[in-house]
Amino acid sequence: MATTLTPVLTKHWDDPRSWTLETYRREGGYRALDKALTMDPAALIDEVKNSGLRGRGGAGFPSGLKWSFLPKPDGGPRYLVVNADESEPGTCKDIPLMMATPHTLLEGVAITSYAIGCHHAFIYLRGEVVHVYRRLMNAVQEAYDAGLLGKDINGTGFDLDVTVHAGAGAYECGEETALLDSLEGRRGQPRLKPPFPAVEGLYARPTVVNNVESIASVPSIVANGADWFGSMGTEKSKGFGIFSLSGHVTRPGQYEAPLGITLRELLDMAGGVREGHELKFWTPGGSSTPIFTAEHLDVPLDFDSVAAAGSMLGTRALQIFDETVSVVHAVARWTDFYAHESCGKCTPCREGTYWMKQIMTRLEHGKGTDEDIETLLDVCDNIFGRSFCALGDASTSPVTSGIQHFREEFELGTHTPWWEAFPPENSALFPVPQKEAASV
């Protein structure tokens, strides 16, 4: 397994004006679009299928296969929707990608739209990131002015409009059908499936919904070929991906590497855990993925290997925690997030996350009971697999994996507040305000 980085999406992030059309075209931008517009759309879909590109938004579903699910054209519109509602705690790859090189995404949008027969694409962006919204809007205008979007692109007769939509700020809208409802002007809540978006998506028309990084990976595949992309990564998880290292790591940041690299290798490149401390636990794909410990340092970070080890690759948000952090306190913060972000449509998630929050608050304050841990596991069992969307399942992952690996810390919560077991002055993460400690 190669340990070197593979800068493709991040290759020009350090250019002083990487976000401009001038810089992007100087580095070869939009040549893949020129090539794609000379190809048969079906051949484009086959090229992405053959590359082995799997969705980079967390689920890992084969992108080309998803495109091929659209029914045959019937004369009506079909849509591409880019999910840019990056909201997962710890996940921070799509926002810097759109900020640094928005034209990478726009070129991918144009190629994908041509492949699936779409003439109006949407980018659904998390509304709080106003700076990214402005940059995307400027990039879209640059592309229109250059004839790369709009009517008769490059004289080929292909028309494409792109709308950048800023959401109101809801984690739930990262779920594809809730995103579609929000885009249509309704409350962002998941739809019952089937029908799936490929058949009835936006405005009840065939729709492809893909993550930012997935679509941004398309131009390099078209430019360099499926074999080039497949030469990186593993047999079932091909290509490269952006790994976001945060927390107690010497050099946090974005590390673009082949899928299948290990955390041990990434930490070596990132300078290791902060000086004087050692790894305690970490997330392989954001807060929605079951936590790993130091014994998982050599698990290949690809979809299948991480799943076999008991977690999910997710969005490759590697949150690193050292021995100064209370697992109970960290899990309680994540549980607060899921309880707050539950849309309330289904009972298991709406009620279950609220119950988990109450129990986790007791445990982190040292006021838990002997029954609380088993009650937590029972609540998780009644949420998992019984919710409309994956938010319910996600909310259980930190709890169940935390108890699995660090049950003794949860038992400690029956009599000792977390800040006494893990003095906050020793932790750069999760400091407790003095007034909180004094009032409990």
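When you look at T6, is it more than 26 Å from the chain's Cα centre (by Cα) and either of a type outside the set (K, R) or not in a helix (DSSP H, G or I) (or both), yes or no? So that I can check it myself, show each step before the final result.
Details: more than 26 Å from the chain's Cα centre (by Cα): no; either of a type outside the set (K, R) or not in a helix (DSSP H, G or I) (or both): yes.
No; evaluated as a whole, the condition is false for this residue.
Answer yes or no as to whether F281 is within 24 Å of N83 (Cα to Cα) and aromatic (F, W, Y).
no
R251 versus (1) within 20 Å of L97 (Cβ to Cβ); (2) among the charged types (D, E, K, R); (3) surrounded by 16 or more Cβ atoms within 10 Å (Cβ to Cβ): which is the lone unmet condition?
Every listed condition holds for R251 apart from (3).
Can you spot a residue in the range 326-333 that is buried (at least 21 other Cβ atoms within 10 Å of the Cβ) and basic (K, R)?
Our first condition is that a residue be buried (at least 21 other Cβ atoms within 10 Å of the Cβ); within the range 326-333, this holds for 326-332.
If we keep only those that are basic (K, R) as well, we get none.
No.
Of all residues in the range 185-198, which are open to solvent by less than 80 Å² (accessible area, probe 1.4 Å), within 24 Å of K72 (Cα to Cα) and more than 22 Å from the chain's Cα centre (by Cα)?
Across the range 185-198, the qualifying residue is only P195.
Considering each of A166, A143 in turn, give the residue that is in contact with a strand residue (DSSP E or B) (Cβ under 6 Å, 6 or more places away or on another chain), crowded, with 16+ Cβ neighbours inside 10 Å and under 30 Å from A36 (Cβ atoms).
Going through A166, A143 in turn, just one is in contact with a strand residue (DSSP E or B) (Cβ under 6 Å, 6 or more places away or on another chain), crowded, with 16+ Cβ neighbours inside 10 Å and under 30 Å from A36 (Cβ atoms): A166.
Consider S231 against the criteria (1) farther than 30 Å from A110 by Cβ; (2) over 21 Å from the mean Cα position of the chain (by Cα); (3) of a type in the set (S, T, Y): it satisfies all of them except one. Which criterion is unmet?
(1)
Do you know which residues across the range 35-72 are within 21 Å of Y124 (Cβ to Cβ) and part of a loop (DSSP other than H, G, I, E, B)?
L53, G55, R56, G57, G58, A59, G60, F61, F69, L70
If you take the residues of the range 206-249 that are assigned to a helix (DSSP H, G or I) and small (G, A, S), which of them is farthest from F303 (Cα to Cα)?
A223
Just to be sure, is D159 open to solvent by less than 40 Å² (accessible area, probe 1.4 Å) and acidic (D, E)?
Answer is no for this residue.
Out of the residues in the range 263-278 that are open to solvent by less than 30 Å² (accessible area, probe 1.4 Å) and in contact with a His (Cβ under 9 Å, 6 or more places away or on another chain), which is farthest from R316 (Cα to Cα)?
Taking the range 263-278 first, the residues open to solvent by less than 30 Å² (accessible area, probe 1.4 Å) are 263, 266-267, 270, 272-273.
Retained after the next criterion (residues that are in contact with a His (Cβ under 9 Å, 6 or more places away or on another chain)): 263, 273.
Numbers: L263: 11, V273: 18 Å.
Among those that are open to solvent by less than 30 Å² (accessible area, probe 1.4 Å) and in contact with a His (Cβ under 9 Å, 6 or more places away or on another chain), it is V273.
Considering S231, S214, which residue is under 25 Å from P62 (Cα atoms) and either open to solvent by 50 Å² or more (accessible area, probe 1.4 Å) or without any contact (Cβ under 8 Å) to a residue 40 or more places away in the chain (or both)? Show your work before the answer.
Numbers: S214 fails: either open to solvent by 50 Å² or more (accessible area, probe 1.4 Å) or without any contact (Cβ under 8 Å) to a residue 40 or more places away in the chain (or both).
None of the others qualify; the one that does is S231.
If T91 passes every condition in (1) more than 15 Å from the chain's Cα centre (by Cα); (2) crowded, with 23+ Cβ neighbours inside 10 Å; (3) hydroxyl-bearing (S, T, Y) but one, which one does it miss?
Only one criterion is unmet by T91, namely (1).
Restricting attention to the range 211-238, which residues are closer than 23 Å to L136 by Cα, polar (S, T, N, Q) and touching an Asp or Glu at 6+ places or on another chain (Cβ under 9 Å)?
Scanning the range 211-238 gives a single hit, N211.
Residue check: is L5 on the phi < 0 side of the Ramachandran plot and open to solvent by less than 50 Å² (accessible area, probe 1.4 Å)?
Values: on the phi < 0 side of the Ramachandran plot: yes; open to solvent by less than 50 Å² (accessible area, probe 1.4 Å): no.
So L5 fails the test.
The values are calculated or read from the model by the stated rules, or taken from the named source; none is laboratory data. None of these values were measured; they are calculated from a predicted model. Positions of Cβ are generated from backbone atoms using ideal geometry, with glycine treated the same way; all protein chains shown enter the neighbour counts. Surface areas here come from the heavy atoms of the whole protein model, side chains and all, with no ligands, DNA or RNA. Shrake-Rupley method; radii C 1.70, N 1.55, O 1.52, S 1.80 Å.
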